[in-house]
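Below is one structure, written out as structure tokens; comments come after it.
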Amino acid sequence: MTLIFNAYYNPVLDDPLKHLPKADLAAFGWLSSNIPMESEVWVVSCASDWAVDLVSEWFPALARRKSILTVQGTEWLPNGEFARMGKAWAEIRFCYRDENALSCLEEYARKHALNYTHIYLSAPDSSWSCSDGGNLYRLKHQLEQAAHYRKIYSEKQVVIFAREEQNTLETDSSKQ
């Protein structure tokens, strides 16, 4: 009887945000104040499955910006959007193992008409290695070297890049 009473009157509530890394919470706050509302962000984390990707799941609500590949919440959308997003999330994971991780992501985006203005990288620790064998360090390094991306936020476990307009870059380089 005591167990039933306690379960009813003193429910154990788990705060879902306590499982989200503090680095991501800080970055979400920074993003919500520093990039345009219409920005579309490609959130990349080391989660092994979309169902446990807390960074991607909480990004739209806490950063108040659109995430182009967050699966959670799409189950309510028509035309098979949920299945399409889940498949896309899984397919993109192969790019994290690719020697040319950035080219792989960009090719995927081009092939599937994904528009994005920023890339948000979140790693479990400063090694940027994922438990499933993926490695975000390579992608991070390639983004840092690419002329059409600009690092706008950097902490130990989170880096955010703004994607520069390709046409602007081509026009600017042709003037020189």
Kindly indicate the residue of the stretch 120-130 that is buried (at least 19 other Cβ atoms within 10 Å of the Cβ) and touching a Lys or Arg at 6+ places or on another chain (Cβ under 7 Å) and also farthest from Phe161 (Cα to Cα) among those meeting that condition.
-> Trp128
Grab the helices (runs of 4 or more DSSP H) fully contained in the stretch 1-71, keeping just those with 3 or more residues being modelled with pLDDT of 75 or more.
-> 22-34, 54-63
Those residues that are surrounded by 13 or more Cβ atoms within 10 Å (Cβ to Cβ) and not in a helix (DSSP H, G or I), I need them from the stretch 98-111; list them, please.
-> Asp98, Asn100
Scope the stretch 53-68; condition of a type in the set (A, V, I, L, M), surrounded by fewer than 21 Cβ atoms within 10 Å (Cβ to Cβ) and closer than 24 Å to Leu143 by Cα; matching residues = Leu54, Ile68
Considering each residue of the stretch 20-52, count those that are closer than 22 Å to Tyr96 by Cβ, among the polar types (S, T, N, Q) and surrounded by fewer than 22 Cβ atoms within 10 Å (Cβ to Cβ), and give that number.
-> 1
Could you list, in sequence order, all residues of the stretch 74-97 that are closer than 20 Å to Ser48 by Cα and either among the aromatic types (Phe, Trp, Tyr) or assigned to a loop (DSSP other than H, G, I, E, B) (or both)?
-> Phe82, Trp89, Phe94, Tyr96
Cβ pairs under 8 Å, 6+ apart or interchain, first in the stretch 22-47 and farther than 18 Å from Gln157 by Cβ, second of a type outside the set (D, E, K, R) and part of a helix (DSSP H, G or I), ordered by first then second residue, are Ser32/Leu62; Ser32/Ala63
Is it true that Glu81 is surrounded by fewer than 16 Cβ atoms within 10 Å (Cβ to Cβ), modelled with pLDDT of 90 or more and acidic (Asp, Glu)?
-> yes
Collect the residues in the stretch 104-138 that are under 13 Å from the mean Cα position of the chain (by Cα) and among the hydrophobic types (A, V, I, L, M, F, W, C), keeping them in residue-number order.
-> Leu105, Ile119, Leu121, Ala123, Leu136
Has the stretch 145-166 got at least one residue that is farther than 18 Å from Val41 by Cβ, touching a Ser or Thr at 6+ places or on another chain (Cβ under 9 Å) and modelled with pLDDT of 95 or more?
-> yes
Just name the residue that is nearest to Lys111 (Cα to Cα) out of those in the stretch 64-89 that are in contact with an Asp or Glu (Cβ under 9 Å, 6 or more places away or on another chain) and small (Gly, Ala, Ser).
-> Ser67
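The values are calculated or read from the model by the stated rules, or taken from the named source; none is laboratory data. All of these numbers come straight from a predicted model, not from anything done at the bench. FYI the Cβ positions are ideal-geometry reconstructions off the backbone, even for glycines, and counts take in every protein chain you see.
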